[in-house]
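Written below as structure tokens is the structure these notes are about.
The values are calculated or read from the model by the stated rules, or taken from the named source; none is laboratory data. As the structure is a computational prediction, the values presented were derived from the model and not from experiment. Note: ideal-geometry Cβ built from the backbone for every residue, glycine included; neighbour counts use all protein chains shown.
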Amino acid sequence: MVATKFEPSDNWLPPGYTVPPGLERALIESGLPAGHWNIAALAGLTQMDEAQIRQTLAERSNKVRNLDEVLADEQALDNAPYVPYNLLTQHSIPDKSIADCVEALIGAYLVSCGPHATLLFMSWLGLDVLPQNCTAETLANFGVMLYGTLEPPLVVPDAGMQLDELLSGYDAFEARINYRFRDRAYLLQAFTHASYHYNRLTDCYQRLEFLGDAVLDYLITRHLYDDPQRHSPGTLTDLRSALVNNTFFASLAVKYDFHRYFKNVSPGLFAVIQRFVEMKRQNNGLGYHEEYYLEEEECEEAEEVEVPKALGDIFESVAGAIFLDSNMSLDTVWQVYYAMMKPEIGVGAVPRSSCPPSSISFSQG
């Protein structure tokens, strides 16, 4: 890893030159502050043996310690008493830089070799992402090996009639998103709020929302990274923040009528959603770039103060439901969701932050 800025006067060792034997250890043991490692000022250094180098550095270290003014300047410039490595032949790397490098290697494997090879590489790094007996030949079924088969979403067996009754009219939604669920219990779970006590067949949408959030985050990140425009790292971060957030997801949920199929028995939540839907109709567009706020006294729950979080949640929970229903196929999820997102994230239509952090100023009240 190359983690230091190139400074010829401080950390460059010209070709054909070497550091005198014993100098590195002598610098460390002398306790001489790094700010005074001006090796060029040590006359005749190349002609000294190791003992003479130690003696010279010890004298210089004592001289530095006796100068109060130098020590004050040193404290202001360099709080560390000394650097335990040679600036010419070694450099210090922060933990975050090492972590970033490991993440970059994982990303390189993902882009170049695909997800299966990436999982093998992560396993080689020591990350517990695969079973111990997993090999390249059995990797295709690693999900079954690691987690077993997926449990059915129905908690009540043989409830086909009740399921059909609860999902009456949902064929129109499946046609709208152009995906037909093989196990429609996932669809019911994705639209069931915790307050909807009439559904005793499945759990509420929260677990699917957790899964769908991760799936959409990865898929959108992959799409932005593969964009032919080759966005800079900062732009990638800004674009992902603009596309993976509750306001954008809630707006898309309203555009594609997710709210019409949302099962809840919460008058407060219903009122907030209706107000947001009406606001969207008045704007006559997606309006993902706008922030919508409600007065806090109008809602009992803090999460309902802004754009209804539940709308963004069901947008994510449906993604999680499709992921599980399609036997964990990321391509299937992206095929469905890209069709909904394409008008908003196409070329020239990607939402950007209207107020970059660099342009924000704060004043004291």
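Scan segment 182-192 residue by residue and report those that are modelled with pLDDT under 95 and either surrounded by fewer than 18 Cβ atoms within 10 Å (Cβ to Cβ) or in a loop (DSSP other than H, G, I, E, B) (or both).
Across segment 182-192, the qualifying residues are ARG182, ASP183.
Checking TYR109 against (1) loosely packed, with under 11 Cβ neighbours inside 10 Å; (2) at pLDDT 90 or above; (3) not assigned by TED's automatic domain parsing to the domain that holds PHE262, which single condition isn't satisfied?
Answer for TYR109: the failing condition is (1).
Being crowded, with 20+ Cβ neighbours inside 10 Å, within 26 Å of PRO152 (Cβ to Cβ) and in the same structural domain as GLN335 (by TED's automatic domain parsing): is that true of PHE248 here? It would help to see each step written out before you state the result.
Details: crowded, with 20+ Cβ neighbours inside 10 Å: yes; within 26 Å of PRO152 (Cβ to Cβ): no; in the same structural domain as GLN335 (by TED's automatic domain parsing): yes.
The answer is no for PHE248.
For SER123, state whether it is modelled with pLDDT of 90 or more and among the small types (Gly, Ala, Ser). Walk me through how you get there before you give the answer.
Values: modelled with pLDDT of 90 or more: no; among the small types (Gly, Ala, Ser): yes.
Spelling it out, it is not the case that SER123 is modelled with pLDDT of 90 or more and among the small types (Gly, Ala, Ser).
What's the number of the only condition in (1) surrounded by fewer than 20 Cβ atoms within 10 Å (Cβ to Cβ); (2) more than 16 Å from VAL333 (Cα to Cα); (3) modelled with pLDDT of 95 or more that GLU151 fails to meet?
Every listed condition holds for GLU151 apart from (3).
Every residue in segment 189-239 that is charged (D, E, K, R) and touching a strand residue (DSSP E or B) at 6+ places or on another chain (Cβ under 8 Å), please. Steps first, answer last, please.
As a first pass, look at segment 189-239 and keep what is charged (D, E, K, R): 200, 203, 207, 209, 213, 217, 222, 226-227, 230, 238.
Once the filter is applied, which keeps residues that are charged (D, E, K, R) and touching a strand residue (DSSP E or B) at 6+ places or on another chain (Cβ under 8 Å), segment 189-239 yields only ASP203.
Here are some residues: TYR225, TYR170. Which one is in contact with a helix residue (DSSP H, G or I) (Cβ under 8 Å, 6 or more places away or on another chain), aromatic (Phe, Trp, Tyr), surrounded by 14 or more Cβ atoms within 10 Å (Cβ to Cβ) and over 18 Å from VAL336 (Cα atoms)? Break it down into steps so the answer makes sense when it comes.
Numbers: TYR170 fails: over 18 Å from VAL336 (Cα atoms).
On inspection, the qualifying residue turns out to be TYR225.
Looking at this structure, is LEU236 free of Cβ contacts under 8 Å to residues at least 60 places away in the same chain, over 18 Å from PHE315 (Cβ atoms), in a helix (DSSP H, G or I) and in contact with a helix residue (DSSP H, G or I) (Cβ under 7 Å, 6 or more places away or on another chain)?
Numbers: free of Cβ contacts under 8 Å to residues at least 60 places away in the same chain: yes; over 18 Å from PHE315 (Cβ atoms): yes; in a helix (DSSP H, G or I): yes; in contact with a helix residue (DSSP H, G or I) (Cβ under 7 Å, 6 or more places away or on another chain): yes.
For LEU236, the condition - free of Cβ contacts under 8 Å to residues at least 60 places away in the same chain, over 18 Å from PHE315 (Cβ atoms), in a helix (DSSP H, G or I) and in contact with a helix residue (DSSP H, G or I) (Cβ under 7 Å, 6 or more places away or on another chain) - is met.
For (1) hydrophobic (A, V, I, L, M, F, W, C); (2) under 20 Å from SER168 (Cα atoms); (3) outside the structural domain of LEU167 (by TED's automatic domain parsing), each residue gets a yes or a no:
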site: ALA185; (1), (2), (3): yes, yes, no
site: LEU188; (1), (2), (3): yes, yes, no
site: TYR198; (1), (2), (3): no, yes, no
site: ARG207; (1), (2), (3): no, no, no
site: PHE210; (1), (2), (3): yes, no, no
site: LEU216; (1), (2), (3): yes, no, no
site: ILE220; (1), (2), (3): yes, no, no
site: ASP226; (1), (2), (3): no, no, no
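Can you tell me which residue in segment 242-268 is modelled with the highest pLDDT, limited to those that are assigned to a helix (DSSP H, G or I) and among the β-branched types (Val, Ile, Thr)?
At the first step, the residues of segment 242-268 found to be assigned to a helix (DSSP H, G or I) are 242-243, 246-255, 258-261, 267-268.
After this cut, where a residue has to be among the β-branched types (Val, Ile, Thr) as well, the list is 247, 254.
Details: THR247: 90, VAL254: 93.
Only one residue fits best here, namely VAL254.
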